[in-house]
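The values are calculated or read from the model by the stated rules, or taken from the named source; none is laboratory data. Keep in mind it's a predicted model, so treat the numbers as computed, not measured. Neighbour counts are summed over all protein chains in view; Cβ atoms, including those assigned to glycine, are modelled from backbone coordinates with ideal geometry. Calculation scope for accessible area: heavy atoms of the full protein, side chains included, ligands and nucleic acids excluded. Shrake-Rupley method; radii C 1.70, N 1.55, O 1.52, S 1.80 Å.
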Amino acid sequence: METTLYSLDEVSKNDGKGGNRVWIIIKDAVYDVTDFIDEHPGGGDLIQEWAGKDGTKDFDDAGHSGDAKKDLKKYKIGELREEDRKQKQAKTGAKTENPELQNRSFCSVISCGLFG
């Protein structure tokens, strides 16, 4: 089965407003969580906050269980286009010359002495 690719613009239009579906981005995957909002243990408002946007940081910071991450898979509808992944990295400054540091927070880089 071929993966459907979406642009950031397409995702942003699915913000739950005006009868639109609620899509969120988590780690470059696009999820339609419209039918999950009322079931979310933390309340639907937490999902609505990230409707049409990338909620990866807050999703990770919330410490979701393995079961929650597994359950999320059933809502996956596709992934971000490659060019939008690069655009997102440029906007957030997430890209680094050293791939070993790519997913490290600033504090862990400093405290662990990872600057070379």
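Where in the range 1-42 does the amide nitrogen come within less than 15 Å of the point 7 Å from the Cα of residue 85, taken along Cα to Cβ?
Answer for this model: 3-8, 25-31.
Can you list the HN-Hα couplings for the range 41-50, worked out from phi with the Karplus curve (6.51, -1.76, 1.60; θ = phi - 60°), rounded to whole Hz and with x for Gly and Pro?
x, x, x, x, 4, 5, 6, 4, 4, 10
Heavy-atom accessible area of residue 47 with all protein chains present, probe 1.4 Å, nearest 10 Å²?
Here the accessible area works out near 20 Å².
Calculate, axis by axis, the spread of Cα positions in the range 1-55 along the three principal axes, and write the results as whole Å, longest axis first.
Taking the Cα atoms of the range 1-55, the three principal extents are 31, 24, 18 Å.
Counting Lys and Arg as +1 and Asp and Glu as -1, what is the net charge of the other residues whose Cβ lies under 10 Å from the Cβ of residue 15?
Details: positive: 13, 17, 21, 53; negative: none.
Counting the neighbours of residue 15, the net charge comes to +4.
So, in nm, how far is label residue 3 from label residue 76 when the simple model puts each one 7 Å beyond its Cα toward the Cβ?
Distance between label points: 0.7 nm.
Might you work out the accessible area of residue 83 for me, using a 1.4 Å probe with all protein chains in place, and round it to the nearest 10 Å²?
100 Å²
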